[in-house]
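Q: Have a look at this one.
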Amino acid sequence: MQYDHILIRYGELALKGNNRKTFLIQLQNNIRHKLKKFENVQVKRTQGRMFVVLHGHDPKPIVNILKDIFGIHSMSVAIKVEKEIEAIKKGALFTLTNHKQAKTFKVSVRRVDKSFPVGSQKMNQVLGAHLLKNTDQFTVDVHDPDVEVNVEIRNEAAYIMSEIIYGSGGLPVGTSGKTLLLLSGGIDSPVAGYLMMKRGVTVEAIHFHSPPFTSDRAKQKVFDIAKQLTRFGQRFNVHLVPFTNLQEAIFKHIPDAYAMTIMRRMMIRIAESVCQQKSILSMTTGESLGQVASQTMESMHAINDVTNYPIIRPLVAMDKHEIVEISKAIETYDISIRPFDDCCTIFNPKQPKTKPKRDRVQAIESQYDFSKEIEASIEGIQEMTFTDKDDVEQFANLL
């Protein structure tokens, strides 16, 4: 007897109404994509549950992958047995005795198939008595057991398990539309992208680079972050924008105090153009309210002025410690702190305007026509697609 299934439980997906099937199909497809390197592994749906059929594979590496797939609330490695009392007894005993260091246990039966002749409470008693009779080290503790033997009696079979492993929750990526993430290469924007993916959003990124002021290593940071974020989705597109000429024009013709605000307005205009081309309905940034001078309420108000697209700021109410903790958890932190400047840091003004007025920003910006530089940046955009199988050598031509 061996563990041959992973039972997957949904979180808020279970609360969806008539469109729940759409969410479940997307989750099933996302799991299949992530597990396709495991030969013969199957992903099946049944009423209220999803199962990964292992076909002899070690469950540990598969569980580690499932932990990162949004839409999974929890999972358990399980044994599948026939819906017969003796088979269930045998499976429960196997499950319990695998816990060599445990001393106490509890049995919890969930009878989904109401045609099964023995009720849940009675099955608890039957299995509990069987386990006590056939072991020496265990006693029953219904309040705080070392092991809880869970049995689900479903229409097709019974599943027996003893451990709940929590997943990432959220919604399956691909169920909530698409956003364009302004990805700088710093700590914040990868976390913003991750949080959007957790809400089921497909994330593409736009990155502004200004050679020779920004180095190839700064660009490599962005590639590595994109690759890391594929851990939580199927693919990750990055739009690379040549920004040098436009950025130089901004800092030449715009007063220093307003240059950062107007630079960000230019970024939003270019990002909007990508959204229009790619049928993307929103933008996402890693801004946190009050964290730096360009992230005040007044700055956001002035920057938003150039677009009708929603600009989503999932980090807006977080402090830096919270953001750093998430970045470490998703393993982008060590990439983000590599000491290579992006275009937002190399031209950072000494005294940026922290409370710019929208009409004043409009008046200053109108003193120079940036349309040629904007158009040239848009025409020079290169698009890269990263997947969880990509090798960094594939990107050598862009470095």
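Q: Taking the criterion of being within 25 Å of residue 329 (Cα to Cα), free of Cβ contacts under 8 Å to residues at least 24 places away in the same chain, in the same structural domain as residue 128 (by TED's automatic domain parsing) and out of contact with any Gly (no Cβ under 6 Å at 6 or more places or on another chain), would at least one residue in the range 64-72 satisfy it? If you could, list the steps in order and put the result at the bottom.
A: In the first step, residues of the range 64-72 are kept if they are within 25 Å of residue 329 (Cα to Cα); the result is 64-72.
Subset that is free of Cβ contacts under 8 Å to residues at least 24 places away in the same chain: 64.
Pick out the ones that are also in the same structural domain as residue 128 (by TED's automatic domain parsing) and you get 64.
Now drop any that are not out of contact with any Gly (no Cβ under 6 Å at 6 or more places or on another chain), which leaves 64.
Yes; the residues of the range 64-72 include at least one that is within 25 Å of residue 329 (Cα to Cα), free of Cβ contacts under 8 Å to residues at least 24 places away in the same chain, in the same structural domain as residue 128 (by TED's automatic domain parsing) and out of contact with any Gly (no Cβ under 6 Å at 6 or more places or on another chain).
Q: Still on this structure, please answer the following. Within the range 296-305, identify whether any single residue is touching a Pro at 6+ places or on another chain (Cβ under 8 Å) and of a type in the set (D, E, K, R), and answer yes or no. Steps first, please.
A: First, the residues of the range 296-305 that are touching a Pro at 6+ places or on another chain (Cβ under 8 Å): 298-299, 302.
Narrowing further to those that are of a type in the set (D, E, K, R): 298.
Yes, the conditions are met somewhere in the range 296-305.
Q: Need pairs with beta-carbon distance below 8 Å; first residue farther than 22 Å from residue 155 by Cα and within the range 34-47, second crowded, with 18+ Cβ neighbours inside 10 Å and among the aromatic types (Phe, Trp, Tyr); sequence gap 6+ or separate chains.
A: none
Q: A further question on this structure: What is the residue count in the range 1-18 for residues that are under 13 Å from residue 72 (Cα atoms) and at pLDDT below 75?
A: 2
Q: Go over the candidates 266, 283 one by one and state the one that is at pLDDT 95 or above, closer than 23 Å to residue 315 by Cβ, part of a strand (DSSP E or B) and in the same structural domain as residue 368 (by TED's automatic domain parsing).
A: On the way: 266 fails: part of a strand (DSSP E or B).
None of the other options fit; the residue is 283.
Q: What number of residues within the range 251-263 satisfy the criterion of being in a helix (DSSP H, G or I), touching a helix residue (DSSP H, G or I) at 6+ places or on another chain (Cβ under 8 Å) and surrounded by fewer than 22 Cβ atoms within 10 Å (Cβ to Cβ)? So that I can check it myself, show each step before the final result.
A: Within the range 251-263, the subset in a helix (DSSP H, G or I) is 251-253, 256-263.
Filter again for touching a helix residue (DSSP H, G or I) at 6+ places or on another chain (Cβ under 8 Å), leaving 251, 258-263.
Filter once more, keeping what is surrounded by fewer than 22 Cβ atoms within 10 Å (Cβ to Cβ): 251, 258-259.
Residues flagged as in a helix (DSSP H, G or I), touching a helix residue (DSSP H, G or I) at 6+ places or on another chain (Cβ under 8 Å) and surrounded by fewer than 22 Cβ atoms within 10 Å (Cβ to Cβ) within the range 251-263 amount to 3.
Q: Here are some residues: 185, 193, 170. Which one is among the small types (Gly, Ala, Ser), farther than 23 Å from residue 265 by Cβ and crowded, with 21+ Cβ neighbours inside 10 Å?
A: Numbers: 185 fails: farther than 23 Å from residue 265 by Cβ; 193 fails: farther than 23 Å from residue 265 by Cβ.
Exactly one of 185, 193, 170 is among the small types (Gly, Ala, Ser), farther than 23 Å from residue 265 by Cβ and crowded, with 21+ Cβ neighbours inside 10 Å, namely 170.
Q: For residues in the range 220-238 being surrounded by fewer than 22 Cβ atoms within 10 Å (Cβ to Cβ) and outside any helix (DSSP H, G or I), which is farthest from the chain's Cα centre (by Cα)?
A: First, pick out the residues of the range 220-238 that are surrounded by fewer than 22 Cβ atoms within 10 Å (Cβ to Cβ): 220, 224, 227-228, 230-231, 234-235, 237.
Filter once more, keeping what is outside any helix (DSSP H, G or I): 234-235, 237.
Details: 234: 10, 235: 12, 237: 15 Å.
It comes out as 237.
Q: Can I ask one more? Which ones in the range 96-128 are under 22 Å from residue 154 (Cα atoms), free of Cβ contacts under 8 Å to residues at least 40 places away in the same chain and either among the basic types (Lys, Arg) or in a helix (DSSP H, G or I) (or both)?
A: Listed by number, the residues that qualify are 114, 120, 121, 122, 123, 124, 125, 127, 128.
Q: Let me ask something else. Could you run through the range 290-304 and say how many residues are surrounded by 15 or more Cβ atoms within 10 Å (Cβ to Cβ) and at pLDDT 90 or above? Quick ask: steps written out before the conclusion?
A: First pass over the range 290-304, keeping only residues surrounded by 15 or more Cβ atoms within 10 Å (Cβ to Cβ): 291-296, 298-300, 302-304.
Add one more test, that the residue is at pLDDT 90 or above, and what stays is 296, 298-300, 302-304.
Of the residues in the range 290-304, 7 are surrounded by 15 or more Cβ atoms within 10 Å (Cβ to Cβ) and at pLDDT 90 or above.
The values are calculated or read from the model by the stated rules, or taken from the named source; none is laboratory data. Because the structure is predicted, anything quoted here is derived from the model rather than measured. With ideal geometry, Cβ positions are generated from the backbone for all residues, glycine too; neighbour counts draw on all protein chains shown.
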